[in-house]
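Inspection log for the structure reproduced underneath, given as structure tokens.
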Amino acid sequence: METFMAAAPAGSCFSSFLLLACGTLVAALLGAAHCLGLFYQLMHKVDKASVRHGGENVAAVLRAHGVRFLFTLVGGHISPLLVACEKLGIRVVDTRHEVTAVFAADAVGRLTGVVGVAAVTAGPGLTNTVTAVKNAQMSQSPVLLLGGAAPTLMQNRGALQAIDQMSLFRPLCKFCASVRRVRDIVPTLRAAIAAAQSGTPGPVFVELPVDVLYPYFIIQKEMMPATVPKGLMGRGVFWYLENYLANLFAGAWEPQPEGPLPLDIPQASPQQVQRCVELLSRAKRPLILLGSQALLSPTSADKLRAAVETLGVPCFLAGMARGLLGRNHPLHIRENRSAALKKADVIVLAGIVCDFRLSYGRVLSRNSKIVIVNRNRKEMLLNSDIFWKPQEAVQGDVGSFMLKLVEGLQGQTWAPDWAEELKEADRQKQQAFQEKAAMPMTQHLNPIQVLQLVEETLPDNSVLVVDGGDFVGSASHLIQPRGPLCWLDPGAFGTLGVGAGFALGAKLSRPDAEVWCLFGDGAFGYSLIEFDTFVRHKIPVIALVGNDAGWTQISREQVPCLGSNVACGLAHTDYHKAAMGLGARGLLLSQDNKDQVVKVLRDAQQQCRDGHPVVVNILIGRTDFRDGSISV
């Protein structure tokens with residue numbers, strides 16, 4: 001202002017008066033603002049001497065919600081919340097890539113019912129998580145992503161690692177919020193966690209700028225000059241910053257409820273349940289398809305299993321419902337699903353959607369009466385009235401619906417020949433698998449035979465993590481999960497690279513279980529470096545790498561269709577040696593020790609029990625086992 005006045009033309013009385021009047025008015029307004037600011041600080045108890053910081057508020061909410069693990073890749077934007085979590089006994093597990101941190105949180109959310117939490121730094125730290133967040137959205141996993149951000153006052157001004165993070169994550173998350181004051185951390189996080197677990201579970205994102213996480217004295221030092229500047233404009237800016245800072249920290253440490261908010265879980269109406277009961281009661285060849293939603297809280301896996309057994313209806317299991325009935329249960333049908341769906345007269349799609357996995361609904365018979373149950377109405381009606389039409393579409397919790405269905409049917413049974421017919425088709429398929437396993441290979445190992453030996457070796461307390469294309473696709477036919485919530489796959493997004501993160505979250509959630517990871521050699525490239533993470537954090541897992549030196553699932557289509565194997569070739573890399581270089585244990589299975597497959601697997605188990613992560617590099621040949629499968 002003083003500079004501007006000095007430059008005014010001499011003799012310009014009106015101009016000088018106007019400037020003087022404006023200056024006086026601005027000074028008066030700034031003085032009033034300063035007084036109001038001091039009053040505001042007094043009323044809201046801004047403790048300028050406190051060493052407390054917003055990270056402590058974050059940690060308190062996480063602990064109150066039962067969070068035991070925080071997955072991260074460290075960054076200066078988020079250091080306060082990491083330190084605070086450590087002090088409150090929340091285990092901070094740092095990974096070598098942010099995407100792994102979110103995959104690990106996803107696994108925790110799926111296996112425990114408690115929201116999985118990952119915290120990453122701003123900008124590239126957050127952009128590195130996009131694939132995992134989208135995967136969690138499509139897999140309906142309750143995940144809380146905490147992201148650092150530039151200071152609130154410096155956003156949109158070219159600050160370090162500053163981008164429009166909210167626009168990036170709004171399409172991927174059920175709930176997105178940017179915290180602008182320290183006192184808003186607690187209510188925002190409580191709302192976010194409730195949103196992640198309510199309705200259809202999914203990821204949520206909370207942005208935490210630097211100035212709501214660090215202590216007052218650090219932010220004051222960075223934001224404020226050491227002394228009040230001279231000059232009207234300088235004093236005005238100083239007072240503005242002072243009041244901005246006061247508002248940022250006002251009420252920061254006042255007591256607030258930190259525990260969980262009530263969850264909103266949709267339930268089927270009694271009328272809908274009754275109509276479905278009547279449909280099933282008239283069925284001759286009923287069939288149930290159970291998906292991951294059936295395993296969500298509040299229904300326990302034990303109650304759901306009892307309900308399925310009481311119903312006595314043959315069923316196919318998918319996603320996290322795999323293993324619900326254990327191994328070789330008479331009601332569990334594993335093969336020839338399309339043929340079974342064409343024969344069924346009533347089909348219950350319980351947490352299953354008609355996407356590409358059901359050929360968009362085209363595999364459903366027009367003569368079948370379809371009951372579909374799902375928490376998400378949009379997904380429930382996907383492709384309906386195009387390729388299929390539901391008789392009853394029930395928006396509600398799948399597990400609760402199944403229990404009510406049993407109550408309504410009151411022990412009704414169906415002719416056993418229907419289940420036996422489907423089981424016989426299973427047995428014929430298994431016989432065909434045995435024949436393929438017995439086929440000799442001139443070079444490397446027969447993957448079908450190897451997988452059958454893995455099936456025989458797996459203990460009852462194992463959790464299976466699968467990450468890959470051809471090798472993993474074969475494993476889904478040959479290896480049976482030992483129980484519910486014991487099979488972790490990418491889900492509908494078809495994401496490669498989930499393996500290390502899923503294994504990390506699974507082992508921490510179930511420390512007494514043996515975690516076995518089945519990798520294709522292509523997919524293993526994403527996870528290899530995380531064996532450093534496993535070693536540092538003492539996370540013993542077993543990785544079996546089906547190494548056929550290629551992206552075989554793609555090559556199987558690309559070569560006959562387009563006449564070239566370009567970009568599909570890899571090498572028989574010594575993955576076991578690479579893992580050893582990271583401090584893990586490594587074993588090799590090849591033609592040279594083809595008669596010792598079980599022994600090598602047992603050795604891997606023992607080393608895992610001794611606390612070491614293990615990589616078993618399995619050199620395999622190629623078979624026609626999955627000819628006809630597609631990857632687009």
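The values are calculated or read from the model by the stated rules, or taken from the named source; none is laboratory data. Nothing here was measured: the structure is a model prediction, and the numbers come from that model. Neighbour counts are summed over all protein chains in view; Cβ atoms, including those assigned to glycine, are modelled from backbone coordinates with ideal geometry.
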(request) Just one of (1) touching a residue at least 60 places away in the same chain (Cβ under 8 Å); (2) under 23 Å from the mean Cα position of the chain (by Cα) trips up K369, so point out which. (result) (2)
(request) Please work out which residue is nearest to E309 (Cα to Cα), limiting yourself to the stretch 372-404 and to residues that are among the small types (G, A, S) and touching a residue at least 40 places away in the same chain (Cβ under 8 Å). (result) G399
(request) All but one of (1) modelled with pLDDT under 95; (2) surrounded by 24 or more Cβ atoms within 10 Å (Cβ to Cβ) hold for A107, so report the exception by its number. (result) (1)
(request) Identify all residues within the stretch 43-79 that are in contact with a Gly (Cβ under 6 Å, 6 or more places away or on another chain) and either more than 27 Å from I529 (Cβ to Cβ) or not assigned by TED's automatic domain parsing to the domain that holds A194 (or both); write none if there are none. (result) H44, A64
(request) Scan the stretch 435-449 residue by residue and report those that are free of Cβ contacts under 8 Å to residues at least 24 places away in the same chain and either farther than 23 Å from N617 by Cα or among the aliphatic types (A, V, I, L, M) (or both). (result) E435, A437, A438
(request) State which residue is nearest to L324 (Cα to Cα) when the search covers only the stretch 454-506 and only residues that are part of a helix (DSSP H, G or I), modelled with pLDDT of 95 or more and touching a strand residue (DSSP E or B) at 6+ places or on another chain (Cβ under 6 Å). (result) A506
(request) Go over the candidates G125, G147 one by one and state the one that is touching a strand residue (DSSP E or B) at 6+ places or on another chain (Cβ under 9 Å), under 19 Å from G55 (Cβ atoms), assigned to a helix (DSSP H, G or I) and of a type outside the set (A, V, I, L, M, F, W, C). (result) G125
(request) From (1) in a helix (DSSP H, G or I); (2) modelled with pLDDT of 90 or more; (3) more than 15 Å from the chain's Cα centre (by Cα); (4) not acidic (D, E), pick out the condition that doesn't hold for R180. (result) (1)
(request) Just one of (1) more than 26 Å from R357 (Cα to Cα); (2) assigned by TED's automatic domain parsing to the domain that holds L544; (3) surrounded by fewer than 24 Cβ atoms within 10 Å (Cβ to Cβ) trips up G505, so point out which. (result) (3)
(request) Only residues that are assigned to a helix (DSSP H, G or I) and buried (at least 18 other Cβ atoms within 10 Å of the Cβ): list them for the stretch 280-304, please. (result) L280, S292, Q293, A294, L295, A301, L304
(message) Can you tell me which residue is farthest from the chain's Cα centre (by Cα) among those in the stretch 183-215 that are part of a loop (DSSP other than H, G, I, E, B) and not β-branched (V, I, T)?
(response) P215
(request) Answer yes or no as to whether I386 is part of a loop (DSSP other than H, G, I, E, B), loosely packed, with under 15 Cβ neighbours inside 10 Å and among the aliphatic types (A, V, I, L, M). (result) yes
(request) Would you mention how many residues in the stretch 545-581 are within 28 Å of the chain's Cα centre (by Cα), farther than 18 Å from Q591 by Cβ and in a helix (DSSP H, G or I)? (result) 5
(request) Considering only residues that are in contact with a Gly (Cβ under 9 Å, 6 or more places away or on another chain) and of a type in the set (S, T, N, Q), look in the stretch 552-572 and name the one that is surrounded by the most Cβ atoms within 10 Å (Cβ to Cβ). (result) T552
